[in-house]
Every structure is written in structure tokens, then in C-alpha cells.
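Have a look at the structure below before the remarks.
The values are calculated or read from the model by the stated rules, or taken from the named source; none is laboratory data. Quantities reported herein were computed from a predicted structural model and do not represent experimental measurements. When we count neighbours, we look across all protein chains shown, and the Cβ atoms used for this are built from the backbone with ideal geometry, even at glycine. Accessible surface is based on the protein model in full, side chains and every heavy atom, while ligands, DNA and RNA are left aside. Shrake-Rupley method; radii C 1.70, N 1.55, O 1.52, S 1.80 Å.
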Amino acid sequence: MLDADPDLRLDRAAQSGYFGTMALMLEAIARRDFSTAADLARRNIDEIPDMVRSSVRDYGSFDLQGVPGLEQGGTMLALAGDRESLLKAKLVIGRIPELGPWQAEPERHLENLELFTRIESAISSTPGCLQTEVKALAGESDGRRVANLISWLEKAGRIRRVRSGKTFQLYSADSSEAPVPEPPRIARSHRVDRSPVPLKSIDLSKLPLIPLPRAPLRWEEAAQGRVVPFVEIPDESFELRDSPDWSILSTEKISMAERPDPAFRKFYAIDRGLFLLDDLGKASAFPSAPASAVCFGSRGEHISTAPLLHDVYRIGANPLGRSLVALSRKCVLHAYDTDLHPIIETAIPDSPELKRIVDRLQLDQSNLKSYLRSVAMSTDSSRYLLTGVDEAWCISREGRGIWGLKLPIKEDWQPVTGTSSTFGTSPEISEALLQMELRLPFSQEELKKQYRDLARHCHPDLNPGDPSAEERMKRLNEAAEILTGLDSRALSSYTGVRYEKKLGSTNLAVGDQDFSISFTMLVGELEASDWIRSAAFAGRTDDVFLASDSGNVVQVGPDGEALRVFHTGTTPRQIADTGDYLYFLTDTRLYVLRGESLHALVDIADSGSLIIAQTGIGLLEKNRFRWLSEDGTPVGTVLSRDPIRRVYWTPAGLIVESRLRRATISGQQSWWS
């Protein structure tokens, strides 16, 4: 890209520096490296004035909705006890009128700095105090604020929380009075094959394409002034709408004994039943469990209640299957049948496929869970699916790899290649080998791996406190150019292969000369990848559907051969295939297809989830339940004043429950033939 104005180049450099530091700070917070995050927050504060000035110059105003360097960064500085940097941030804000909305941030974080100290002192002097008592012990009236700061202290490893009923006992991290924690459950890989399943790349251009009307994003509807669908909240506990054949037979209070623990806050429909999930480990019946679940049958009968082996970060429930599969924060895949007996427990970090993609994309191994986006189980529970970035791996229940697929890079992104003009004499090549800590002979893979390893130790962005990092990175790049013959932009650096996308171009006349200026964005392979965000097995076969960022849904056969691709424009959150009909549920729309024909489009107001039965489908939103025939034809609607917790069918009628009340509705046919 050519910039005619040198001031414009400086402005863009200022913005790049600020946003680059901000991204690294947020990454450090995510992996709980709070010391590094505080260092980056200090640097970000120094970069804010130039960033604001460049924004005003480029766009005429400063319209950012958030400044993480002052918000999350302020929390890091308060946690570190860095009063000086917070006072500096206060001065910076005071000198820049555009930062007026953030004027109170430094003062709030200075107060938090003092409150952190008081909370730790209270916990140290009263070991085993309840979290609900700390507000009074620390002399702070805002309980929500105290709870938030306690959470940060726990994440920083400075205090310990021990479950005690519905609250926690608190101890200093080094307290001898704290009960000895139970040793963490150790999960091992169940894989019987040591080599990764072969990975096939999908060529979308060779697949039949079924284009569908694009599902709008919620913000797009608002931006275009469209009327956003909403669910009307009724005056009565339950009301019927558009339900000529239905009637409410009775409405009753649910007895205390029947009311589910509110900790079971998530609802997953399965074949002839449903799971309620306590994903936060707050169920009163299992105070030490990381998570727990309840399973009900098709007529609302209780089947099982049990703690789960691990916490829940990702979840998969086949609406036509009879199992629940989850991925924990430590990337342990664990699955259960309807009796909540474990049927699979395997450590994914030990799987050969994950090791391969970590090496290919140089993924942050301290944050692997963020790259694994979806899990799914086949209808008969004989195989499971896991997706990582742009790859999908199908594994048998016994631990054997079945197939692996990779989606292509997102459209319009091209790899950066280029030949270097740098060449080396024999002594210079010897010096480059010394710099790279290599010796002849070496393979390209060895060179590539060594470059990545060394770059981690000397890249300035990864070593913000090392003043020599920039010079060492420069020497490393020079050595790599000599040994590879590639321009430094094309080197597979610590982020992997680089990709660029043309954003636009313009013509510029200077005197009697015409210049063409193009604008491009340069990113790593990770950012250019078409991430798989949701996945599901078919109902009657072992076909799989993979939905990506690009709005493509690729159907894959049981042996891993890509069959066809649907294009919805946005990623479906839920996919269900009954064999007769195929359903894609996005945040704003339900698609109903049969074969390659679109049968119905149903607008969605409040996200929602699908319930698949033999005689039709249910669409459950927060305060509304809609029943449709298999082809998407509306049959009836129930509105609830309170959020709906359970829906099921009995011979007495359709049962719709909130936490406190239950309605019995007649007129609906049986869900099951």
C-alpha cells in the first residue's frame, strides 16, 4: 500500500501500535497472565494520545465505544497495586477532551486498588469467612463490586474459594486453615491410534451449491431501521396465540418439591426427552461438582440426576440422539447417556489431531479451549465430532480416527509470497546458521520450526519488557531471509503463513502523474481461516454438517467425503436433520429444507432452540413456545409471562412450565407416533 502523506503513515502506525498492544493485553488477561497484562496496560496508556489524535485526523471524531486500556487495563493496574500508572492515566484523560466519557475510570480503579487491599486483609484476618460477609468486613456497601473483585483475586491466585452451600468460604492463598482441595480428576486420551487421521482439504468449487436467502444479523436489522421481531409478554401466566385448535385446560403452581434447582439453567432437547444442565457447578445437591445435569423423559418423567466428571465449556446434544457430550475448559471431552453414566472421557490435548493443528497454526497452548468451537455426538453415540479452527475430526467411541477435513481459507484472502533481494556470501550464510542455531544439513521443516521457536523469545510484541527484543527480531529475520530466499513478509513467522486481502483502491493525480493506491489487510493464517463454529450429525445416518464463519454449511458423508454446501450467509447455531427435513437455526431465522428445496423461513425473536419430534418441531424461545409441522407450517403458540423452563407432551396434553407455574394445553397431537 502506498501512502502519499507521511503524517497519514504516522497516524496509521499510532493506531496499529495501540490496537496491537491492546490485543496482546486482552490475550494476556484471557490466559490469566496478569503481570504481563499490567505491563501492556502501561504501554497502552502511553499510546492512547496518539491513537486519539490519529482517529480524529482520519475520521473527524473519536467514536470508539470502549477503551480497554483504561477499562480492563485499569483493573490490571489496580490488581498490581500500581497507583502511579493509574494517576498517569488520570492525567492523560484530563488532557484529551475526547476521553471525557472515561474521566471516572482511573478514580474508580484507584478505589478498587484500595478495596483489593481491604478485601485481602479481611480474608486474611477472618479465614473461612463467607463471601456474603466480606462486604461488611471490608466496609464496602456495593456487594456486586466486592464479588467482582473477589473473582479477580481468585483468578490471580491470591485467594481461594471453597464451596459452602450456595456461597463460598474464602481463604488467603497461603492459608494453612483452608481445607485441602480434592485432587483434580486426571483424564487421559482414549485414542488407540498415535498418528493423526489424514486431513483432506475441501474444495468448495467442486461441490453442488444450494444458495439460501441470507439470514440477517440482529444489528443489521436495527441499522436498516427494520422492525425487529419481539415476543410479547402476556398479562396472564400463559396465553395462546394463533392456536385455533388449542385451549388451556389448567394453570397451576408447581410445588416446591417439584421445582427444579435454578442452577439447572440450560435446556437441551434430545430424542424423547431433555437434559437440564447446571453448567456453573451451582446445584445445591452437588456442592463440589464442577457441573451437573438432570434428564427427563418424553412425558416429563424424571430419569436421572447426577454430577458430571468435568466442567462444561462447549456442549453438544443431538436432538435425535440420546446422549450429551461436553468439552471442559481444560479440553477434556466427556459424554453421558440418559442415565448420566459416562460413556466417553478423553483428554483432547493428547490427541494427535490437536497436536498437528497446534503446530500448523502455532496456537497458544495455554488457551486451547478457545480454538475448539464445537462438539457433537452421532445419534447412536458410536462416534463423536470435534472442530478446531478450520478443521473437523471424526473419532469413534473406541478412540480410532475415522476422518479429518479442513475448510479452505476465507474467500478473497491470498497467501503473501515474494522472493527476497537479499543473498548471502558463504561467511554470511555461516553467520545466519549460527543466528538460527542450525547446522547443515537442515530441512525446511526444521528451519521453519526453529524460526518459530526463536521468534517467540525475541518478538517485541511477545516480550514487551525486553528493550533488546526488536534488534534480536531484526537479526533473526535477516538470517531467515538469507537461508530461505523469501522476503521477510512471506516468512512463516510465529503466527504462521501470512495472508492479505484487498480492501479497495483509488486513483490519485499528482501534477501530470497518475498513481493507483491500493489498500490491503495483512493477517496470519489463523485470522484468515474459515472457522467452523457449529457442527451436527444427521439423524438417520452418520453424515455431518459443518457450519463456518463464511455462512457455508458443508454436508459430509460417513467416510469424510464432502457432498454439498448450503450457503446461508450467517452461521447456524443449531442444525438438525431428520432424514426427511433439514433445519438450520440462526439467531434470526429458522430454515426448513427438504432435499435441496426450501420449504419455510421462520423469523426468530429471541435466539431459541429446536425440539425435534416424530410429528413436528418445537421452537422454544425465552418466553414463547411455537409448534410447527415438519415442513414449517405454524400450528400453535404459547406465550409465558416468565421464562419457560420445560416443555413436554403427555396424554393429558402439552405441558409448558416456567419455574413457578405449569400450564396444561389440550388440542395438540402426540409428539410421538
Query raised in the report: Residue by residue, what Karplus-based ³J(HN,Hα) values in Hz, rounded to whole numbers, does segment 597-605 have, using 6.51, -1.76 and 1.60 with θ = phi - 60° and x for Gly and Pro?
Result: 9, 7, 9, 7, 10, 10, 6, 10, 9
Query - In nm, spacing of pseudo-spin labels at Thr251 and Leu87 (7 Å Cα→C-beta vector) - result: 6.2 nm
Query raised in the report: For Lys474 and Arg57, what does the FRET efficiency come to when R0 = 25 Å and r is the distance between their Cβ atoms, rounded to the nearest 0.05?
Result: 0.25
Query - Where a label projected 7 Å from the Cα of Ser288 along Cα→Cβ would reach, residues of segment 175-203 with amide N under 14 Å - result: 179-185
Report task. Kindly flag which residue pairs out of Lys474/Lys501; Lys355/Lys448; Lys206/Lys448; Lys155/Lys622; Lys135/Lys155 have an alpha-carbon separation exceeding 23 Å in this structure. Result -> Lys474/Lys501; Lys206/Lys448; Lys155/Lys622
Query raised in the report: Relative to the longest principal Cα axis of the chain, at what angle does helix 444-458 sit, 0 to 90 degrees, rounded to 10?
Result: 90 degrees
Report task. Just read off the accessible area of Glu398 with the full protein assembly in place, 1.4 Å probe, to the nearest 10 Å². Result -> 130 Å²
**Report entry** Cβ-derived FRET efficiency at R0 45 Å, Ile343 paired with Ile429, nearest 0.05
**Finding:** 0.20
Report summary line: Given backbone amide H placed at 1.01 Å from N, residues whose amide H is under 5 Å from that of Ala536, ignoring those fewer than 5 places away on the same chain, are Phe545
Query raised in the report: For segment 83-185, with only Lys/Arg (+1) and Asp/Glu (-1) charged at the beta-carbon, what is the dipole magnitude about the Cα centre, in debye rounded to 20?
Result: 260 debye
Query raised in the report: Between Ser629 and Asp549, what length comes free when the chain is fully extended (0.36 nm per residue of separation minus the Cα-Cα distance, one decimal in nm)?
Result: 25.8 nm
Report summary line: Computed for segment 538-673: size of charge dipole around the Cα centre, +1 on C-beta of each Lys and Arg, -1 on C-beta of each Asp and Glu, debye to nearest 20, value 880 debye
**Report entry** Debye intensity ratio I(q)/I(0), log10, segment 159-212, q values 0.13, 0.20, 0.23, 0.28 Å⁻¹ (C-alpha model)
**Finding:** -0.65, -0.90, -1.00, -1.14
Report summary line: Projecting the Cα atoms of Leu204, Pro216, Leu79 onto the charge dipole of the chain, where Lys and Arg contribute +1 and Asp and Glu -1 at Cβ, the residue farthest towards the positive end is Leu79
Report summary line: With Rh as the Kirkwood radius over Cα pairs, segment 540-673 has Rg/Rh of 1.00
Requested in this report: Return the distance in nm (one decimal) between the two label points of a simple spin-label model at Glu301 and Asp33, each offset 7 Å from Cα along Cα→Cβ.
Outcome: 5.5 nm
Report summary line: For the chain, longest principal axis from Cα atoms; helix 426-435 axis from its Cα atoms; angle between them, nearest 10 degrees, is 40 degrees
Requested in this report: Within the set of other residues whose C-beta is less than 10 Å from the C-beta of His599, count the net charge using Lys and Arg as +1 and Asp and Glu as -1.
Outcome: -1
Report task. Tell me the label-point distance for the pair Glu154, Asp50, using the 7 Å Cα-to-Cβ offset, in nm and rounded to one decimal. Result -> 4.0 nm
Query - Theoretical gain in end-to-end length, Val231 to Asp203 [0.36 nm per residue, Cα-Cα removed] - result: 5.9 nm
Requested in this report: Determine ³J(HN,Hα), in whole Hz, for all residues of segment 638-643 in sequence, where each value follows from phi through the Karplus function 6.51 cos²θ - 1.76 cosθ + 1.60 and θ = phi - 60°; x replaces Gly and Pro.
Outcome: 10, 9, 10, 5, 10, x
**Report entry** Amide H partners (placed H, <5 Å) of Ser189, local residues excluded
**Finding:** Ala347
Query raised in the report: Which Rg and Dmax, in Å, describe the Cα atoms of the chain?
Result: 28.4, 92
Query - Under-5 Å amide H pairs with Arg645, H placed in peptide plane, nonlocal only - result: Glu657, Ser658, Arg659
Query - ³J(HN,Hα), Karplus 6.51/-1.76/1.60, whole Hz, each residue of segment 182-199, x for Gly, Pro - result: 5, x, x, 5, 9, 10, 10, 6, 8, 5, 9, 10, 8, 8, x, 4, x, 9
Requested in this report: Report the FRET efficiency, 1/(1 + (r/R0)^6), for Ser125 and Arg259, where r is their Cβ-Cβ distance and R0 is 45 Å, rounded to 0.05.
Outcome: 0.70
Query raised in the report: Just how large is the dipole of the chain about the Cα centre, in debye to the nearest 20, putting +1 at every Lys and Arg Cβ and -1 at every Asp and Glu Cβ?
Result: 1680 debye
Requested in this report: Measure of size requested: the Rg and Dmax of segment 246-297, with Cα atoms as the atom set and Å as the unit; please supply both.
Outcome: 13.5, 44
Query - Approximate shape of segment 48-92 as ellipsoid semi-axes (Cα gyration tensor, √5λ), whole Å, largest first - result: 25, 11, 6
Query raised in the report: Any idea what angle helix 469-484 forms with the longest principal axis of the chain, computed on alpha-carbon atoms, 0 to 90 degrees, nearest 10?
Result: 90 degrees
Report task. Report the extension gain between Ser396 and Glu177 in nm, rounded to one decimal, defined as 0.36 nm multiplied by the number of residues separating them, less their alpha carbon distance. Result -> 74.2 nm
